Number of protein chains: 2
Amino acid sequence: MTLTLYTAPTGNGRKPLVLIKLLNIPHEIHLFSWPTKEIKQDWYLKLNPQGLIPTLVDNELILPESNAILQYLAETYDKQGKYSYKLQNNPLEYWQQQKWLFYQATQFAGTLSRFHTYIGIKANDEKVWENILQSFENTYKVVDQVLGQNEWFVGDKFTIVDIAFGVGNHRRIEGVERFGLDKYFQDYDTKYPNVAKWYKKFLEVEGVKEALALK
Amino acid sequence: MTLTLYTAPTGNGRKPLVLIKLLNIPHEIHLFSWPTKEIKQDWYLKLNPQGLIPTLVDNELILPESNAILQYLAETYDKQGKYSYKLQNNPLEYWQQQKWLFYQATQFAGTLSRFHTYIGIKANDEKVWENILQSFENTYKVVDQVLGQNEWFVGDKFTIVDIAFGVGNHRRIEGVERFGLDKYFQDYDTKYPNVAKWYKKFLEVEGVKEALALK
């Protein structure tokens with residue numbers, strides 16, 4: 001049975017696709033248009049009780065959560081560790097990889113989610129908006145610091161952590177453009193030059209542009 | 001060198017402590033009073049550039065992110081898998097375990113974090129508040145469904161996933177009481193009876209009460 005990815009053209013939705021392309025894994029994509037109410041339908045809730053995307057189905061395994069999917073694909077299809085670190089061979093790098101995946105999911109994608117929700121529900125509270133902008137600054141400051149010391153997030157190679165943050169950064173830029181919010185983010189490239197430099201390299205990685213072009 | 005946990009009496013801060021107690025790991029605790037500005041000081045930012053708690057230091061390893069710490073402690077000190085599933089022996093359960101740890105961090109603890117932030121910054125926007133309450137309902141609905149089918153989250157035993165959700169639920173109850181917000185949550189035990197039942201059992205697990213009593 002072919003591996004099937006249920007996904008949509010969002011930040012989290014595009015993450016696994018980059019790795020699938022890089023590793024050349026035979027796959028099928030079930031692409032939801034976005035936003036969609038389909039993910040709250042019974043047939044999909046059986047795969048993903050949370051009603052979130054993406055979900056990976058690989059034989060018996062049904063796996064939601066984009067960063068868990070990245071880990072699964074790495075453990076299963078990247079046994080040589082071309083794009084990931086393994087616990088047995090590189091424990092220190094492996095745990096940094098795990099840490100960054102959680103940080104990406106909670107602080108980085110979490111802020112991005114609050115940003116999209118704020119706009120989506122037409123909220124209007126200066127304190128909430130300022131807090132979201134400040135959370136972005138906090139995460140970009142941390143990320144810029146790391147990328148000033150290393151070419152990629154963990155160790156000396158491009159890994160699943162770069163995929164998670166890279167796709168997330170793309171989604172942030174996409175959202176900012178779409179909603180005409182440039183004025184809040186226009187100095188990011190000068191304030192966070194290491195992120196800007198890393199992101200340029202990220203876009204050149206095989207499979208990335210194709211995954212980001214997913215509509 | 002003894003393992004050292006830098007932590008505080010919060011939801012995320014108490015998670016690793018439960019497992020440390022259960023596994024009887026020799027340890028030292030550096031306990032911050034909460035809230036504190038100490039975690040933004042240089043000496044701590046060297047351990048945790050994000051300025052978040054908790055951080056685990058175990059010889060060469062410096063590890064932030066509460067759910068990554070749970071995974072690390074399980075892989076390192078619970079090799080028999082008393083409180084965790086291992087990839088080699090139980091791959092399906094292992095990936096469910098990973099999935100739930102991400103779901104707990106993003107959806108469950110993420111909503112709890114928005115709740116505390118909303119109160120902390122004295123926000124005042126009906127739409128944002130309603131969205132936070134709705135997010136709580138969504139996660140509790142999903143969790144109640146799972147706990148209606150299984151005694152614990154994954155497989156047939158109490159695992160690190162139960163620790164993550166259990167401590168998070170305790171933190172939610174603590175916050176609701178502290179801020180006098182009972183009216184928004186008073187029907188939770190009847191609406192989510194499986195959560196209520198599971199949580200009672202959770203509180204009886206060795207080490208849990210001690211970790212939750214951390215002030």
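No value in this document is a laboratory result; all are computed from the given coordinates. Since this is a predicted model, take the numbers as computed values, not measurements. Backbone-built Cβ (ideal geometry, glycine too); neighbour counts: all protein chains shown.
Simple rule: put +1 on each Lys or Arg Cβ and -1 on each Asp or Glu Cβ in region B:3-77, find the dipole, and look at B:ALA8, B:GLN71, B:TRP43; the Cα lying farthest toward the positive end is B:ALA8. For B:ALA213, what is the net charge nearby, where nearby means another residue's Cβ is under 13 Å from its Cβ and Lys, Arg count +1, Asp, Glu -1? With Lys, Arg at +1 and Asp, Glu at -1, the net is +2.
Springs join every pair of Cα atoms under 10 Å in this Gaussian network model of chain A, and among A:GLN134, A:GLN107, A:GLN41 the largest mean-square fluctuation is at A:GLN41. Projecting 7 Å from Cα along the Cα-to-Cβ direction, the label point of B:LYS215 sits 6.0 nm from its equivalents in the other copies, listed shortest first.
Computed from phi, the 3J(HN,Hα) profile of region B:80-96 under the Karplus parametrisation 6.51, -1.76, 1.60 (θ = phi - 60°) reads 7, x, 5, 10, 7, 9, 10, 4, 5, 8, 9, x, 5, 5, 4, 6, 5 Hz, with x in place of Gly and Pro. Across region A:91-206, C-alpha contacts under 8 Å between residues 6 or more apart give a mean separation that, scaled by the residue count, equals a relative contact order of 31 percent. Expressed as a fraction of 2.2 N^0.38 Å, the C-alpha radius of gyration for the protein assembly as shown is 0.93. Rounded to the nearest Hz, the phi-derived 3J(HN,Hα) couplings of region B:193-206 under the Karplus curve 6.51 cos²θ - 1.76 cosθ + 1.60 (θ = phi - 60°) are x, 5, 5, 4, 5, 4, 5, 4, 5, 4, 5, 8, 5, 3, where x marks glycine and proline.
For chain A, a Gaussian network of Cα nodes joined below 10 Å ranks A:THR106, A:THR76, A:THR159 by mean-square fluctuation, and the top entry is A:THR76. For region A:3-77, what does the alpha-carbon gyration tensor say about shape, rounded, prolate or oblate, given a ≥ b ≥ c as the root eigenvalues, a/c under 1.5 as rounded, and a/b over b/c as prolate? Here region A:3-77 falls in the prolate category.
Starting from the Cα gyration tensor of region B:91-206, take the square roots of the eigenvalues, sort them a ≥ b ≥ c, and report rounded, prolate or oblate (rounded when a/c is under 1.5, otherwise prolate if a/b is larger than b/c, else oblate). Because a/c hits 1.5 or more and a/b exceeds b/c, region B:91-206 counts as prolate. Please label the shape of chain B as rounded, prolate or oblate, based on the square roots a ≥ b ≥ c of the eigenvalues of the alpha-carbon gyration tensor (a/c under 1.5 means rounded; beyond that, a/b larger than b/c means prolate, else oblate). Judged from the Cα gyration tensor, chain B comes out oblate (a/c at least 1.5, b/c at or above a/b).
Each Lys and Arg adds +1 at its Cβ and each Asp and Glu adds -1 at its Cβ; summed about the Cα centre, chain B shows a dipole of about 160 debye. Taken one residue at a time, the phi angles of region B:19-34 give Karplus couplings (6.51, -1.76, 1.60, θ = phi - 60°) of 5, 4, 5, 4, 8, 6, 8, x, 7, 10, 10, 9, 9, 7, 6, 10 Hz. Gly and Pro are set to x. Taking label positions 7 Å along the Cα-Cβ direction at both B:THR76 and A:GLU60, the computed distance is 3.1 nm, reported to one decimal.
When the trypsin sites (Lys or Arg not before Pro) in region B:26-131 are filtered for DSSP coil states and for at most 15 other beta-carbon atoms within 10 Å of their beta-carbon, the remaining sites are B:LYS37, B:LYS79, B:LYS82, B:LYS122. Each other copy places its own label point for B:LYS127 at 1.8 nm from this one, sorted shortest first, where the point lies 7 Å along the Cα-to-beta carbon line. Taking label points 7 Å from Cα along the Cα-to-Cβ direction, A:ASN24 and B:GLU177 give a separation of 5.9 nm. Spin-label pair B:LYS157-B:ASN124: with each label point 7 Å from Cα along the Cα-Cβ axis, the two points sit 5.3 nm from one another. Positive-end ranking of A:GLY166, A:LEU133, A:TRP152 along the dipole of region A:91-206, with charges on Cβ about the Cα centre, is headed by A:LEU133. Averaged over the residues of peptide B:115-127, the number of Cβ atoms from other protein chains lying within 10 Å of each residue's Cβ is 4.
With the cut-off at under 19 Å, measuring from each backbone N in region A:1-40 to a point 7 Å along the Cα-to-Cβ line of B:GLN134 picks out A:34-40.
Each of A:LEU73, A:LEU203, B:LEU5, A:LEU87 was scored by other Cβ atoms within 10 Å of its Cβ. Arranged with the fewest first, they read A:LEU203, A:LEU87, B:LEU5, A:LEU73. Note on region B:83-133: Rg/Rh from C-alpha atoms, Kirkwood Rh, equals 1.27. Under a 5 Å amide H cut-off, with hydrogens placed 1.01 Å from N, B:ALA123 pairs with nothing among residues at least 5 apart or on other chains.
Note on the protein assembly as shown: with charges restricted to the Cβ of Lys and Arg (+1) and Asp and Glu (-1), its dipole about the Cα centre is near 300 debye.
The mean number of partner chain beta-carbon atoms within 10 angstrom of a residue's beta-carbon across peptide A:90-103 is 6. With a cut-off of 13 Å between beta carbons, the residues surrounding B:LEU56 carry a summed charge of -3, where Lys and Arg count +1 and Asp and Glu -1. Going through region A:1-100, which GluC sites (Glu not before Pro) have at most 12 other Cβ atoms within 10 Å and a DSSP loop state? Loop-located and lightly packed - A:GLU60.
For chain B, what is the relative contact order in percent, using Cα pairs closer than 8 Å and at least 6 residues apart in sequence? The value is 25 percent. For region B:123-207, the set of chymotrypsin sites (Phe, Trp or Tyr not before Pro) satisfying both a DSSP loop assignment and a count of at most 16 other C-beta atoms within 10 Å is given as B:PHE179.
Please give the net charge around A:TRP198, taking every other residue with its beta carbon less than 10 angstrom from that of A:TRP198, where Lys and Arg add +1 and Asp and Glu add -1. Net of charged neighbours comes to 0. Only Lys, Arg, Asp and Glu carry charge here, each on its Cβ (+1 for the first two, -1 for the last two); on that basis region B:3-77 has a dipole of about 280 debye about its Cα centre.
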